[in-house]
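The values are calculated or read from the model by the stated rules, or taken from the named source; none is laboratory data. If you're wondering where the values come from, they're calculated on a predicted model, not measured in any experiment. Cβ coordinates were reconstructed from backbone atoms using ideal geometry, including for glycine residues, and neighbour counts include every protein chain displayed. Only protein heavy atoms, including side chains, enter the accessible area calculation; ligands, DNA and RNA are left aside. Shrake-Rupley method; radii C 1.70, N 1.55, O 1.52, S 1.80 Å.
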Amino acid sequence: MSHYYEEMEESFRNSFEPAPGPVAEAKIRPWEKTQLVGKGVPRVDGYERVSGAAQYTADIVLPDMLYAAILRCPHAHAMVKSIDTSAAEKMPGVLAVLSGKSPGADLPWYGGKAAQSKLFDTHCRHEGEEVAAVAALTPYQAADALRAIRVEYETLPFVLDPAAMQPSAPKLYEGGNAVGEPRIVKRGDVAQGFAEADVVLEETFYTSVQMHATMEAHGSVAKWDGDKLTLWDSTQGVYDGVLFGAARALNMPFNKIRVICKYMGGGFGAKLEVGKYSIIAALLARKTGRPVKAMLPREDTFLCTGNRPEARMTLKAGVKKDGTLTALQLTNLSTPGAYASGTSVGYQVAELYKCPNVLVSESGYYSNAGRARPFRAPGFPSGNWCLEQMMDMLAVKLGMDPVELRLKNFTEVSQTRQVPYTSTGLKECLLQGAKAFGWQEARAAKKSDGPVRRGFGMAAGMWSGGNGSPPYTAEVRLFVDGGITIKTGAMDIGTGTKTVACMVAAEELGVPLESVRIENADTAVTPYGQSSGGSMTLPGLIPAVRKGAWLVKQQLLAWGAEALGVPAEDVELKGNAIGSRSAPDKKKPLEELLRANGVMDVIGIGNRDPNPPKKAINPFGAHFAEVEVNTRTGEVRVVRLLGANESGRVINQKTFHNQVFGGMTQCLGFALTEKRVLDRQTGKMVNANLHDYKVPTALDVPVQHQVVAVDPQDTECNLVGCKGLGEPAHIPTASAIANAIYDAVGVRPTHGPMEPKTILELLAKKKRG
Amino acid sequence: MMKPFAYLKAKTPAEALAALNSKGARIHAGGTDLLGCLHDHLFTVDKVVSISGIKEWSGMTGRPDGGLKIGCLTTIASIAASAVLKEKYAVLAQAASEVASPQLREQGTIGGNLCQRPRCWYYRGDFPCARKGGETCFAVEGENQNHAIFSNGPCFFVHPSDTAVALSALQARLTVAGPAGTRTVPIESFFLAPEKAIDRENVLEPAEILTEIHLPAPAAGARSSYRKIRSRQSWDFALTSVALWLQVDKGMVSQARCWLGGVAPAPWRAAAAEKLLAGKKLNAALAASAGQAAAEGAVPMRDNAYKVEMVKGAVEESLLRLLA
């Protein structure tokens, strides 16, 4: 895991030393030919999801269950002077009211050494901070009770922008508003690099705050059985996120808390940690002796569950006439909001292209706004926005094709780590993507000079994660009738993990996909799996699944060889029996074989092996866009998108395509419509709802949307050869669209999102000269 | 807390009007706006009067003078799909087809669309703005990229209705029923500028209801169009919209009506553009000039000057398309 991502996930992911792999691992060879892996397979839980049978956290209803509602601070910056809950407590249906003074609710939360905040902190540093909570018989009674709680606030001056760095600015913390020291990444000597360059360009870029806007809101259902707590939680991590976080908050042993999340309605990074709502639900449930459900209203999810922070980036680039990069220098100033979180965007500047001289300097300031959280490739769409528009600017200046310029600076060696990639499909993504898109023909075609202009653009990208690493455990269990059940604590947050796990187990054991079932994400019964983040679930979990299945097979072959009197290589699993390949009449029912060995099932425990030493494992991609820009109205229509992505082995064509479509669509929103708007007069968010905060609709996504799946045949990265895809599929789309807009109308949209307003302002500026 | 309220499903116009004639009564037709307003605590109700079952107020019928009567409960979807409207009053069918999203068009009614409350994010949000009895319009110094470029204040919301702009270009007349009987209001006089009333957007008194919309008979040589510009392609209100109605005789524009949406607290008549077009043969230069004229008098705020350009471009484009 890269240090960039580690930093972003700072507090809730435990770090483990990789366990040494068992001796058996050496014998697992890459598949030579596959029966199932590589095909397009519908999701194993597709029926449940479309029929409504799948139970999401929001669907959980328990006998005697109460509903929680959380009172939030309406001010950008305030001190709670007093809370009067007496009227709320007397309201019909209200069974409990909770505030920071309630027994057991005085819990530490964000922060740590420098400044320690609390579950209900009297110092509210942004709109929406938790002040109190109630539990009532109905959600309506709970919401009504909130309005009866009387809170006296002392409002404080607030700060939202880089003025926070001024000494006179309102302070969020006694130590000031700077978020630590500037983070520097340095390689070579940029001054020398710029001196060697034939062309040096510098530009300032800005990307707005993007909200996760998950379809399922954040929430948790808590139920106590004696001293044991069960949490049904809409989370990306039943272990790292909710179990470990809740155990720490409630000071409970891990085995006394059971966290379940079978189906997830979207996280994108905003559900990597235990939420205040989960703990509030648990405290209210303990207080009332009844299960409590705390699903956040949509508005609250916009205020308090995270966002992709803004980025103010200045990038200077030097290049020789032949396109060779000589130096890249980036500064970034950003804010994580009121509490620490990652804001770094510089990784690709230092890593994507061969460049001997790099200087990245990034700093952050606290502001009175909702806290940033990891958001699908944290920092990467923003960093890509400046790097890949700069590459486009350089290509224009040099009179070089943008694809050609990128190929010129292609590298097979990680620039920041100085070790080779196990595989890099960047070159193939550029070449195959350009070919499938018809790039050269499109760029060569004569441009209309009418009011509606067409343009073509592209951008490349990579992701710092996508490698996957220990620890992960997959339990693969063979029943005597030949059926297989996989158990893992890993998540399927909508990406298709479960389907891919079943495919890999079926492949390894040579059984039909229908024979494989998976049970996941239940800390009481499934072994440990990391949170789904960093595009690491597939490359982390799936090798462990293969290994578990392989171990089951080894055991069967050994017992089978003994029972049938043939060599192990000759034994095969055939339905509910084992048999000899060479002598088909030699066979034995599984039940008989297993009973003879004192068991009724065979269990393989697959642990994730360490990654190869001195190698970099990263996924790559190149995205292409065709747009129409109406110069009269500023409207941008994305008419065509193509995503060429390389993430190691393509296990399931269908879920691969799905991920690329989804990632590009979400980045299309980042490109064109999505931004958090804070009122400068009050510091309050004005668009905290799904109407004013504009995620793309079906009509905004181009009908012509193509995926090119590049498979580099990586046999080194892990036992299956796969890398992660969810995030790399999301990274270069906005930059490709921006470059296409430049191609269409000759204005450079440096500030996102590219609303009609943005385009009209740029065109007006160009007209003025 | 949400105040408890009574609910009545009226079966006849008389029953509905009687029920509405009490303090704190509100009409419930499609409910797509009412429920949101209640959820956002914009106002409270004592009685919700459902009128959705009143057959007399639904559907379209021809008028003796060749015009058309549209009942207030006619859904936006059926207006968008109407062959008669598409042929004779294209601007209205087109405007309806651009309203909100398919689900909302199925549920929402034309009466409700005309009478919906402002969508200003300060009005809908947790801000004590002037329209809610507060002292200030937050948009003036605040986040005003979506706000009005034509308003005398003290409130700068933009009227959210697409169909209102289209009906203005068609010179519709509205029937209003109330305790004192019915009256007819030209749509031009229906909407109230904020300087006239800060707490409501039209002339309806509390116990009154907009029951019918009357369109004049289609004029010979008339053609019309609606163009809506928004941030995304569905479920979005207009940043700027243009309702055009032209009467063309032998290539000459004999009469022009040009109304704008998304730029003012009521549909905005671009009178200078209309005047410029009348009596002239349309060409590219005239279309561009008409666009310029349409933006005359605009007073943009810090973040919405782009709307001035948008108005010019949208009017120019609409003219050229309508006469192409």
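Overview of results
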| read-out | value |
| --- | --- |
| Selection from segment B:61-77 of residues that are touching a residue at least 24 places away in the same chain (Cβ under 8 Å), assigned to a strand (DSSP E or B) and touching a helix residue (DSSP H, G or I) at 6+ places or on another chain (Cβ under 9 Å) | B:Leu68, B:Ile70, B:Gly71, B:Thr75 |
| Identity of the residue in segment A:676-703, open to solvent by 40 Å² or more (accessible area, probe 1.4 Å) and among the basic types (Lys, Arg), that ends up nearest to the other protein chains (Cβ to nearest Cβ) | A:Arg680 |
| Subset of segment A:715-748 (residues that are surrounded by fewer than 24 Cβ atoms within 10 Å (Cβ to Cβ) and either of a type in the set (Asp, Glu) or within 23 Å of A:Gln210 (Cα to Cα) (or both)) | A:Glu716, A:Tyr742, A:Arg748 |
| Selection within segment A:538-558 - open to solvent by 10 Å² or more (accessible area, probe 1.4 Å) and within 30 Å of A:Tyr347 (Cα to Cα) | A:Leu538 |
| Of all residues in segment A:215-245 being of a type in the set (Ser, Thr, Tyr) and in contact with a helix residue (DSSP H, G or I) (Cβ under 8 Å, 6 or more places away or on another chain), the one that is surrounded by the most Cβ atoms within 10 Å (Cβ to Cβ) | A:Thr235 |
| Number of the exception - B:Lys88 against (1) within 11 Å of another protein chain (Cβ to nearest Cβ); (2) touching a Pro at 6+ places or on another chain (Cβ under 9 Å); (3) farther than 25 Å from A:Thr758 by Cβ; (4) not aliphatic (A, V, I, L, M) | (1) |
| Qualifying residues in segment A:620-657 (those that are crowded, with 24+ Cβ neighbours inside 10 Å and acidic (Asp, Glu)) - the one farthest from A:Ser423 (Cα to Cα) | A:Glu626 |
| Residue match in segment A:655-669 (condition: modelled with pLDDT of 95 or more, in the same structural domain as A:Gln432 (by TED's automatic domain parsing) and at positive phi) | no |
| Of residues in segment B:97-135 being surrounded by 20 or more Cβ atoms within 10 Å (Cβ to Cβ) and closer than 14 Å to B:Ala166 by Cα, the one nearest to the other protein chains (Cβ to nearest Cβ) | B:Glu98 |
| Some residue of segment B:88-96 being surrounded by fewer than 16 Cβ atoms within 10 Å (Cβ to Cβ), within 20 Å of B:Ile187 (Cβ to Cβ) and of a type in the set (Gly, Ala, Ser) | no |
| Matching option when the condition is in contact with a Cys (Cβ under 8 Å, 6 or more places away or on another chain) and at pLDDT 95 or above, among B:Ala295, B:Ala290, B:Ala264 | B:Ala290 |
| Scan of segment A:135-164 for residues that are open to solvent by 20 Å² or more (accessible area, probe 1.4 Å), within 20 Å of A:Gly364 (Cβ to Cβ) and either touching a strand residue (DSSP E or B) at 6+ places or on another chain (Cβ under 7 Å) or among the small types (Gly, Ala, Ser) (or both), ordered by number | A:Leu160, A:Pro162, A:Ala163 |
| Test for A:Thr631: is it touching a helix residue (DSSP H, G or I) at 6+ places or on another chain (Cβ under 9 Å), of a type in the set (Val, Ile, Thr) and at pLDDT 95 or above | yes |
| Sole residue being of a type outside the set (Ser, Thr, Tyr), at pLDDT 95 or above and in contact with a Lys or Arg (Cβ under 6 Å, 6 or more places away or on another chain), chosen from A:Val44, A:Val61, A:Val80 | A:Val44 |
| From B:Ser318, B:Ser254, B:Ser231, residue being of a type in the set (Ser, Thr, Tyr), outside any strand (DSSP E or B) and over 24 Å from A:Pro753 (Cβ atoms) | B:Ser318 |
| Pairs with Cβ under 9 Å, 6+ apart, first in segment B:296-319 and more than 8 Å from chain A (Cβ to nearest Cβ), second in a helix (DSSP H, G or I) and among the aromatic types (Phe, Trp, Tyr) | B:Pro300/B:Tyr306 |
| Scope segment B:238-265; condition charged (D, E, K, R), at positive phi and either crowded, with 24+ Cβ neighbours inside 10 Å or touching a residue at least 12 places away in the same chain (Cβ under 8 Å) (or both); matching residues | none |
| Hits in segment A:70-92 (condition: basic (Lys, Arg) and under 39 Å from the mean Cα position of the chain (by Cα)) | A:Arg72, A:Lys81 |
| Checking B:Arg223 against (1) open to solvent by 40 Å² or more (accessible area, probe 1.4 Å); (2) part of a loop (DSSP other than H, G, I, E, B); (3) under 21 Å from B:Gln94 (Cα atoms), the condition it does not meet | (2) |
| Number of positions in segment A:317-334 that are in contact (Cβ under 8 Å) with a residue 40 or more places away in the chain, touching a Ser or Thr at 6+ places or on another chain (Cβ under 9 Å) and open to solvent by 10 Å² or more (accessible area, probe 1.4 Å) | 3 |
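For every residue, the table says whether it meets (1) open to solvent by less than 10 Å² (accessible area, probe 1.4 Å); (2) assigned to a strand (DSSP E or B).
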| residue | (1), (2) |
| --- | --- |
| A:Leu573 | no, yes |
| A:Gly598 | no, no |
| A:Ile603 | no, yes |
| A:Pro610 | no, no |
| A:Pro613 | no, no |
| A:Asn618 | yes, no |
| A:Gly663 | yes, no |
